[in-house]
Each structure stands twice: as C-alpha cells, then as structure tokens.
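Take a look at the structure below.
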C-alpha cells in the first residue's frame, strides 16, 4: 500500500511537470480569428494572450463600429483559445490521473 502511495505521488509530480510544460507550449500555439467580412483580424495564444490586432482602415472612421468588431471578434478568438487550452490541459491531466474506477467518466 505504501509503495502504491509513493508511486501515485511520483505520478502526480510528473503530471504537474507535464501540465507546466503544456502551459508553456500553449504560449506558442496561435489562434486566429477574423470578423465575418475580414475587416478585423486578431491573433491570440492558446493561453489567451493577445498577440496582434489588424484593423482595416475603413473601421477607423466609426468608433462604435470598431468597438463592436473588437468585442465580437475578440470574444470568438478567446472562445477558440479556451477550447484549445482546455483540451490540451485536460488530456495531460487525464493521462496523469491514478486508475480509480469511475474517474474516467469525469473527463468525457
């Protein structure tokens, strides 16, 4: 029993290291999103850090329109980045979980 506990502790530490490495790698995974008409383009990391925003000149004439474009496009990009982030971190966490009956149903 004590050996099992030590093995689980080792596996937990290994999983923590894998999660940390995955988080670092997600800083290099880019998520792009464009407005439906292509006038605004944003790029985020999978950790939801904004890397770039490209605005078409025509949007600079109307402050309210630009704000609306930014809100809609950034929200879509954040949603995509969150999905990538959760999928990657969830896979690492699931891989490192001890084999407890019924636990895999939590990750479906």
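Determine the shape class of segment 8-94: with a ≥ b ≥ c the square roots of the Cα gyration tensor eigenvalues, call it rounded for a/c under 1.5, and otherwise prolate if a/b is greater than b/c, oblate otherwise. Don't jump to the answer; show the numbers that get you there.
On the way: a/c = 4.41, a/b = 3.56, b/c = 1.24.
Prolate shape, in that a/c is at least 1.5 and a/b is the bigger ratio.
Any chance you could check the Cα centroid distance between segment 20-37 and segment 52-69 for me, in angstrom?
Centre-to-centre distance over Cα atoms comes out at 22 Å.
All of the numbers you see were taken from the coordinates with simple rules; none came from a lab. Note that the coordinates shown come from a computational prediction; the quantities given were computed from them, not determined experimentally.
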